[in-house]
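Notes to accompany the following structure.
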Amino acid sequence: MRTQVGIVGAGPAGLTLARLLELQGIETVVFEARSREYCEHRIRAGVLEHRVAELLREAGVGARLAAEGISHGGIHLQFDGGRHHIPMQELVGRGIVIYGQTEVVKDLIDARLASGLPLHFETAVESVDATAGVIRYPGGELQCDVIAGCDGFHGVCRQAVPAEAFEREYPFGWLGILAQVAPSMDELVYAHHERGFALLSLRSPQLSRYYVQVAHDEDVAEWPDERVWEELRARTALDGWELHDGPIIEKGVTGMRSYVGEPMQHERLYLAGDAAHIVPPTGAKGLNLAINDVRILAEAIAGGGLEHYSRECLRRVWRAEHFSWWMTTTLHKLPGGDPFDERLQLSQLRYVTTSEPAARSLAENYTGIEAI
Ligand code: FAD
Ligand code: DHB
C-alpha cells in the first residue's frame, strides 16, 4: 500500500490537514488509535482564534460553526475584587469564536467520511520510519511520500524525530466541569484570586464550561459538585452578580506543561500540533496552534518549501508559548509564591487593564497574531 501523505492521528491537526490536502487534490490516509465515538466526545478546548475559524469556513467545514459558534469581542480579567473588560474587537479589530473542539472534530470527521476518503479508527500506528517514509500498523505497512505526525503528546511520531526538548512543568492543574446551565456571564472571565485561579467559559447558551485551579495531581473524587460550585463562587464573587449552578455532566483534571521539540521535522516526517509542542491552557492556544501548523504544512506540501516548515511554525509556536506562560504565571496562585510575586502579578494585571497599548498587546496575542 502507498499514498502521498500518511497522517497519524485524527485530532484537530490530523483531520484539518487531511481536509486541506483533499482540497488540493492530494491523496491522504488517516490512522486513529481511538474509536470515532471517543474522538467525538473528548472534551477539550473551546476558543477559536478569528483566523482559525475563518480557515475552517474556507475549508468548507464551517456551516455549523457559522450557525452555532458564538462570537465574542472581548474577555474579562478579574482581580482584587474588580472585573475589567478587555475590548479585543475595538483594540485589534478581531475577536474569538466559542465553538468546542469536539464540534470541530465532528464536523471534520463528517466531511472526511462524506468524501469517502480513508480514515481508519481503532488502528493505532505502532511505529513510523522517517527515512523510508513507512507507517507500520497492526497487520500492514503504508509507504508515504510524507508522514504527518499529528498523534498528540503521547503518540509514537514524536519519538521518531531527534529533537531538542524545551520544557516546563507547572505545579498546579485545572479541574474542569461542563454544566447544564446557561452561562452567568456575557464573555469569558479569567479570575486571579487568593484561593487560586478560576475561569468561566461556555459551550452554548445552555452549557457552561468552568475551571478552578487545583493541584496538578488532584483527585477528582475530592471534588463533589457542591465543593466545585462553592469554590467557583468564592473565586469569581462580584457585588451585584451571581453565578448560577446546574447539573454537572463532566468533570476532569488537566495537568499543565509547556513543551517544544526543535526541530519539528526529520526526513519525511513532519510533526504538527501537540505532537510537537504543548502549552498550558490559560492562553487558549493549543487547538489554535495545531490548526496553524497544518495550515503551514498543507501549503508546503502542495506548493513547496517543506524544508522551511519547522522554522516557519516555530516562530508562531514560541510566541504562543510565551503568551501562555505569561497568562499562566500572571493569573494563577503560585504555590510557594511570596508576597513579592503576588504584588508583581497584581501590578501586571492593573497594567493590562488600564494601559491601552498593554491591553492591545494582550488582545493581539489572545485573538491570534497575524504578523508572525
Ligand atoms: P490531539 O487532539 O491529542 O489528537 C491526537 C490524536 O492522535 C488523538 O485522537 C489520539 O487518539 C491519536 N493517536 C495517538 N497515538 C496514536 C497512534 N499511535 N496511532 C494513531 N493515532 C494515535 N487547549 C486549549 O486551548 N484549551 C483547553 O481547555 C484545553 N484543554 C485540554 C484538556 C486536555 C485533557 C488535553 C489533553 C488538552 C487540552 N487542550 C486544551 C489542548 C488542545 O486540546 C490540544 O492542543 C489539541 O487537541 C491538539 O490537537 P492535536 O490534533 O495536535 O492533538
Ligand atoms: C476554554 C479553555 C481554555 O483553556 C481557555 O483559556 C478558555 C476557554 C474552554 O474550554 O472553554
I'd like the distance between the alpha-carbon centres of region 44-95 and region 263-294, rounded to an integer number of Å.
20
I'd like the Karplus ³J(HN,Hα) series for region 108-121: coefficients 6.51, -1.76, 1.60, θ = phi - 60°, whole numbers in Hz, and an x wherever there's a Gly or Pro.
6, 5, 4, 5, 4, 5, 5, 7, x, 9, x, 9, 9, 6
Determine the calculated [θ] at 222 nm for the chain from helices alone, applying -39500 (n - 2.57) to every DSSP H run no shorter than 4 residues and normalising by the residue count; nearest 500 deg cm²/dmol.
-11000 deg cm²/dmol
Dividing the mean separation of Cα pairs under 8 Å (6+ apart) by the residue count of the chain yields a relative contact order in percent of 21
Restricting region 190-252 to GluC sites (Glu not before Pro) in coil, as DSSP defines it, with at most 10 other Cβ within 10 Å:
Glu194, Glu242
Options Asn365, Gly93, Leu344, ranked by Cα towards positive dipole end of the chain, top entry (Cβ charges):
Gly93
Give me the dipole magnitude in Debye, nearest 20, for the chain about the Cα centre, with unit charges on the beta carbon: positive for Lys and Arg, negative for Asp and Glu.
480
Looking at region 247-303, which trypsin sites (Lys or Arg not before Pro) are DSSP coil and have at most 10 other C-beta atoms within 10 Å of their C-beta?
none
Computed over the chain: longest principal axis from alpha-carbon atoms vs helix 356-367 long axis, angle to nearest 10 degrees, is 40
Relative to the longest principal Cα axis of the chain, at what angle does helix 309-331 sit, 0 to 90 degrees, rounded to 10?
20
How are the Cα pair distances of the chain distributed, in percent, across 20 Å bins from 0?
29, 57, 14, 0
To make sure I understand the rule: partners must be lysines, Cα under 26 Å from the Cα of Lys106, and not fewer than 8 residues away in the same chain. Which ones qualify?
Lys251, Lys285
The ³J(HN,Hα) series, computed from each phi in region 20-29 with the Karplus coefficients 6.51, -1.76 and 1.60 at θ = phi - 60°, rounded to the nearest Hz and given as x for glycine or proline, is 4, 6, 4, 5, 9, x, 9, 7, 9, 10
Which order do the peptides 201-208, 159-166 take when ranked by the mean count of other beta-carbon atoms within 10 Å per residue, highest first?
201-208, 159-166
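Read-outs: derived from the displayed coordinates by stated rules, not from any lab. All of these numbers come straight from a predicted model, not from anything done at the bench. Neighbour counts run over all protein chains shown; Cβ positions are idealised from the backbone, glycine included.
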